[in-house]
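Colleague: Once you've had a glance at the structure underneath, I'll fire off some questions.
A short reminder: the numbers here are calculations on the coordinates, not readings from a lab. Since this is a predicted model, take the numbers as computed values, not measurements. Note that each Cβ is placed from the backbone with ideal geometry, even for glycine, and that neighbours are counted across all protein chains shown.
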Amino acid sequence: MSIFDFARKRDPDQEFEADESAASQLGHSYGITEAIQLLRSLPRDQSDELIVGVMGATLESLNVHLSDIIEDATRKQEVTQERIAAVNAQVADLETQVAQLRVEIAALEADLKETTDAKERLQRAERQTSGGRRFSVRDERSQTLLYGQPPRLPSDVGRPPG
């Protein structure tokens, strides 16, 4: 479809019927959304002046005031800019949360490594004990140590501390 199809004049009876059907299909004022749809339907390989002329003539034939569409465009711009700001704020909040979670992950990974290293050392110590005898650090016979007092070994059980 060429741009001239939009600008072609119709027979007056057809034009009146077309205006009535367009008005009844709209059911509301013509706004920026409809103007954008009209612009999308026009060929892009034509000059900007020709497209503006066709658009102006088309809207004028529908008794649409360009100033109303321009006001609607301004409102849509403001709403869109507010939404962009709100979404950017949400993204910033999420980025902050992600950064905090990365710090938590790093701390958990360090804790896991420390725990794994300690467990491996304890397992080596267990294998090195005489005869492979297992003993817990706190069994029924264990006592609280005083500061500076050496720990009591299983071979020390039964001997007085000191």
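Colleague: Using all alpha carbons of the stretch 79-126, what is the percent of pairwise distances in each 5 Å bin, ordered from the shortest bin to the longest?
Modeller: Going out from 0 Å in 5 Å bins, the stretch 79-126 shows 5, 18, 11, 12, 9, 9, 8, 6, 7, 4, 4, 3, 2, 1 percent.
Colleague: Continuing with the same structure: Starting from the 7 Å offset along Cα-to-Cβ, what nm value, one decimal, do you get for the label separation of A110 and L62?
Modeller: In this crude spin-label approximation the distance works out to 6.4 nm.
Colleague: At 0.36 nm per residue, and after removing the present C-alpha to C-alpha distance, how many nm does the segment from Q128 to A99 gain when stretched out fully?
Modeller: 6.1 nm
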